1. Taking the condition of being under 21 Å from the mean Cα position of the chain (by Cα) and either outside any loop (DSSP other than H, G, I, E, B) or within 17 Å of Arg16 (Cα to Cα) (or both), how many residues in region 265-302 meet it?
2. Which residue out of Leu100, Leu158, Leu77 is under 23 Å from Gly301 (Cβ atoms), surrounded by 21 or more Cβ atoms within 10 Å (Cβ to Cβ), among the hydrophobic types (A, V, I, L, M, F, W, C) and outside the structural domain of Gly184 (by TED's automatic domain parsing)?
3. Specify the residue that is farthest from Ala205 (Cα to Cα); the eligible residues are those in region 176-192 that are within 11 Å of the chain's Cα centre (by Cα) and β-branched (Val, Ile, Thr).
4. Hey, does region 236-244 have a residue that's outside any loop (DSSP other than H, G, I, E, B) and among the hydrophobic types (A, V, I, L, M, F, W, C)?
5. Checking the structure you have, find out if any residue of region 112-129 is over 27 Å from Thr214 (Cβ atoms) and touching a helix residue (DSSP H, G or I) at 6+ places or on another chain (Cβ under 7 Å).
6. How many residues are under 21 Å from Ile206 (Cα atoms), buried (at least 18 other Cβ atoms within 10 Å of the Cβ) and not acidic (Asp, Glu) if we restrict to region 260-298?
7. Looking at (1) among the small types (Gly, Ala, Ser); (2) without any contact (Cβ under 8 Å) to a residue 60 or more places away in the chain; (3) assigned to a strand (DSSP E or B), can you tell me which one Ala180 breaks?
8. Given the criteria touching a helix residue (DSSP H, G or I) at 6+ places or on another chain (Cβ under 8 Å) and either of a type outside the set (A, V, I, L, M, F, W, C) or surrounded by fewer than 16 Cβ atoms within 10 Å (Cβ to Cβ) (or both), does Gly218 qualify?
Amino acid sequence: MQFIHTSSPLQALQSRFFPDVQVWVKRDDLLHPEVSGNKFRKLKYPLQALQGLAPTLVTMGGAWSNHLHATAHAACLAGYPAIGLVRGHGEASMEMTATLIDCQRQGMQIRFVSREQYRQLRDVPQAWHQYVDALSPSHVWLPEGGSAPAALHGVAELVDELFDAEIDHQAFVPDTVMVACGTGATLAGLLAGMRGRGRAIGIAAIKNAAYLHTEIAGLLQRAGYPSYQNYELLTDFHHGGYAKAPPVLRQFCQEFSAETGIAVEPVYTGKMFYALHQLAQAGHFRPGERVVALHTGGLQGARGFL
C-alpha cells in the first residue's frame, strides 16, 4: 500500500481570472493517476487501519462518483474485495457509466439501489447490512464520499505540506485556503490541519448546503478536533445543484484550462475556480492576499459531460 505515502506540489498561478490576488494551486490531482485528490487523502487512514486484515470494503455513490472510482482502484491495489452501492435502477436502464465500468474492471461489485434506498443508506447507520450477502465482521463500511472521521487526518496533512513549503527561500504562509465542498469532510480536514491559522473558504457544489455547517462541526468533534470557526461556507456558486454545469461554467472551465494548463471538471473544482474568479473581481480578497486553491482531482467525472 505504498501508494498512500506521497505529497503533492504547490504551483504558483498567474491568470487574468484572479486580478490582484496571489494564487497558488495545491495539485492534489497529481497524487495518483486514479486515487487522486481529496479521495486519496480521505482513504489514507481508513485503509491504513486495515493493514494485516482481509476486509471487504462496502461503500456508496452515484453513477459518476469520484469516491467509488477511487475506492475501487485503492481496493484493487491493496488486494481487498469491494462492493459499491449505486444510486440508480440497474444495468438494463443503461446506467453503467464509464465510471462504473472502471470500478467493475478493478474488481468492485456494483449493486444498484433506488433513490429511496440510497437516502436510507445516508440516514440509517446500519442500512448497508441488507445489501451484503453473508454479512461478517470482515465487511468494512466507508460512508458516502469517504467522509469518515478518520478521513480528516489525511486531509489535515496537506496543510502541513503547505506550511512546510518555501517560496523564494522563505516559509510559505497562506492567508486563505479554498476548496470545493460536497459532504464537508475535506473542509473539516483543512480546518483540522490549519489549527486556527488563516481562514478556509468552502464552495458548496450542491444546493441548499447550509446544513454542511452541522456536518463540519460533527466531523471535527468525532475526529477529536476543536470546533474551529475560521471558515466561510459560500452556498451561491452551485450553478443549479450537484452535477449541474450550465454553459457559462463550462466555458469558464475550458478557458481556465486552456490558459493555465490545469485540467478541471465542472462538478467540483471548476465551480471552486469560478467562485475564486468571481470573488477576486468583486474585491473579496485583500490586495496581495495569498490564496491557495485546493485541486481535489476527480477529473474522471468530467466524462459525464462529454
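The values are calculated or read from the model by the stated rules, or taken from the named source; none is laboratory data. Predicted model, so just to flag it, every value in this text is computed and none were measured. Quick reminder, even Gly has a Cβ in these numbers, built from the backbone with ideal geometry, and neighbours come from all protein chains shown.
1. Selection size over region 265-302: 18.
2. Values: Leu158 fails: outside the structural domain of Gly184 (by TED's automatic domain parsing); Leu77 fails: surrounded by 21 or more Cβ atoms within 10 Å (Cβ to Cβ).
Just one listed residue meets the conditions, Leu100.
3. Within region 176-192, the match that is farthest from Ala205 (Cα to Cα) is Thr186.
4. Step one: filter region 236-244 for residues outside any loop (DSSP other than H, G, I, E, B), giving none.
No, because not a single residue in region 236-244 is outside any loop (DSSP other than H, G, I, E, B) and among the hydrophobic types (A, V, I, L, M, F, W, C).
5. No, that holds for no residue.
6. Number of matching residues: 20.
7. Among (1) among the small types (Gly, Ala, Ser); (2) without any contact (Cβ under 8 Å) to a residue 60 or more places away in the chain; (3) assigned to a strand (DSSP E or B), the lone unmet condition for Ala180 is (2).
8. Judged against the criteria, Gly218 is not a match.
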